[in-house]
1. Of the cross-linked pairs A:Lys119/B:Lys139; A:Lys102/B:Lys56; B:Lys98/B:Lys119; A:Lys119/B:Lys119; A:Lys56/A:Lys119, which ones have a Cα-Cα span greater than 26 Å in the structure shown?
2. In Å², nearest 100, what accessible area do chains B and A bury in total when the solvent probe is 1.4 Å?
3. Quick one: Cα convex hull volume of the range A:66-131, Å³ per residue?
4. What is the dipole size for the range B:70-149, taken about its Cα centre, with +1 at each Lys and Arg Cβ and -1 at each Asp and Glu Cβ, in debye to the nearest 20?
5. Toward the positive end of the charge dipole of the protein assembly as shown, about the Cα centre and with charges on Cβ (Lys, Arg +1; Asp, Glu -1), which of B:Ile29, A:Ile49, A:Gln137 goes farthest?
6. Given Cβ point charges of +1 (Lys, Arg) and -1 (Asp, Glu) and nothing else, what value in debye, to the nearest 20, does the dipole of the protein assembly as shown about its Cα centre take?
7. Return one quarter of the surface area of the convex hull spanned by the alpha-carbon atoms of the range B:83-178, equal to its mean projected area, in nm².
8. Please state the charge dipole magnitude for chain B, taken about the Cα centre, from unit charges on C-beta atoms (+1 on K and R, -1 on D and E), reported in debye and rounded to the nearest 20.
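The values are calculated or read from the model by the stated rules, or taken from the named source; none is laboratory data. The structure presented is a predicted model; accordingly, all values stated were derived computationally and were not measured. Here Cβ is always computed from backbone atoms with ideal geometry, including for glycine, and neighbour counts include all displayed protein chains. For the accessible areas, the whole protein counts, side chains as well, though only heavy atoms, and no ligand, DNA or RNA atoms are used. Shrake-Rupley method; radii C 1.70, N 1.55, O 1.52, S 1.80 Å.
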Number of protein chains: 2
Amino acid sequence: MPSTLFSTPKLGDKEKTTMATETATISVISADQLLNQWQGHRRLTRRTIEAFPEDKLFSFSIGGMRPFADLAFEFIGMAVPIVDGVSTGKWEKFPGEKPSTKAALLRLWDEQTAALDAKFPNIPAHRFAEVDVAFGQWKNTGQATIQYAIDNEIHHRGQGYVYLRALGIEPPHFWERD
Amino acid sequence: MPSTLFSTPKLGDKEKTTMATETATISVISADQLLNQWQGHRRLTRRTIEAFPEDKLFSFSIGGMRPFADLAFEFIGMAVPIVDGVSTGKWEKFPGEKPSTKAALLRLWDEQTAALDAKFPNIPAHRFAEVDVAFGQWKNTGQATIQYAIDNEIHHRGQGYVYLRALGIEPPHFWERD
């Protein structure tokens, strides 16, 4: 391994130990920051939905994968139901049906955005670290289950970017989250 | 908006206020958990690299986007240099060149995995919340800059999944991070 890989700042052994101990236990993300990051991603996903022509949103696919409307509805099916499950320990499927127009999908998206903002702050503090079985299937801490929903959205939105490029459409800027 | 969207558990007003206050300030992710999540994603990205046939890894593209080897090298260019920058305040480009074979790319990947594990715990605690200008361009807290690297990897790996499906290759399971 080239030595450049380990060219860390020069620290005394004592300093190193102190830092390592601190880093293992310090908080890097609070609950409100997690919600803000999620909503930032959700704003970007909303712009990705908007970027699709209506027919392609519901039909375009590569390699047998799902159209982007199906993926967006999967995100909706995970977001509020997961926050409800982490809050209450009750895991229930999203009760609504997949919208059949772009306008209806965006309307549902916005309703869920408001619901997330209203519900997330009511998650009891201890539930983030508590292990539960999400939807009776996925055993994890509340935090990890929420992070999974965010990561899944980023992952499939990246898939949507390829659909857009293949359609000759410029996707929204990945780094814009406002 | 349908009333089902706000079917939260019934709580008294006082209980609600207490929870909201707690949630705004509680820690949901510690530094070591952040590193573990990142390395879990990096293990999945490694399997994604492995899933590509050698020639397609360096050449296959959809819609004018970069081949997956370029994306993987972008992840390498962000990971350790960002940890170094957050640690020290010095932002330096990754010094190596893009490997030209799959074996060399995987070897470099594994070196960087070890470097991340060695360096991350030395990030001074206060640097996660401190605002800095990453690589002289991106102003953000250390935590947000690290999260951006993780999110960027998830995003572009999702793009790689489409490449694999278009090539008739089953991508690795998204939910497996071991």
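1. On the way: A:Lys119/B:Lys139 30 Å; A:Lys102/B:Lys56 35 Å; B:Lys98/B:Lys119 22 Å; A:Lys119/B:Lys119 37 Å; A:Lys56/A:Lys119 33 Å.
With Cα atoms farther than 26 Å apart: A:Lys119/B:Lys139; A:Lys102/B:Lys56; A:Lys119/B:Lys119; A:Lys56/A:Lys119.
2. Working: alone 10690 and 10700 Å², together 16120 Å².
Summing both chains' loss of accessible area gives about 5300 Å².
3. On the way: hull volume 5.8 nm³, N = 66.
So the per-residue Cα hull volume is 88 Å³.
4. Dipole of the range B:70-149, to the nearest 20 debye: 40 debye.
5. A:Ile49
6. Details: 40 positive and 44 negative charges, 49 e Å.
Magnitude of the dipole: close to 240 debye.
7. Values: hull surface 30.7 nm².
Approximately 7.7 nm², given one-decimal rounding.
8. Working: 20 positive and 22 negative charges, 46 e Å.
Rounded to the nearest 20 debye, it is 220 debye.
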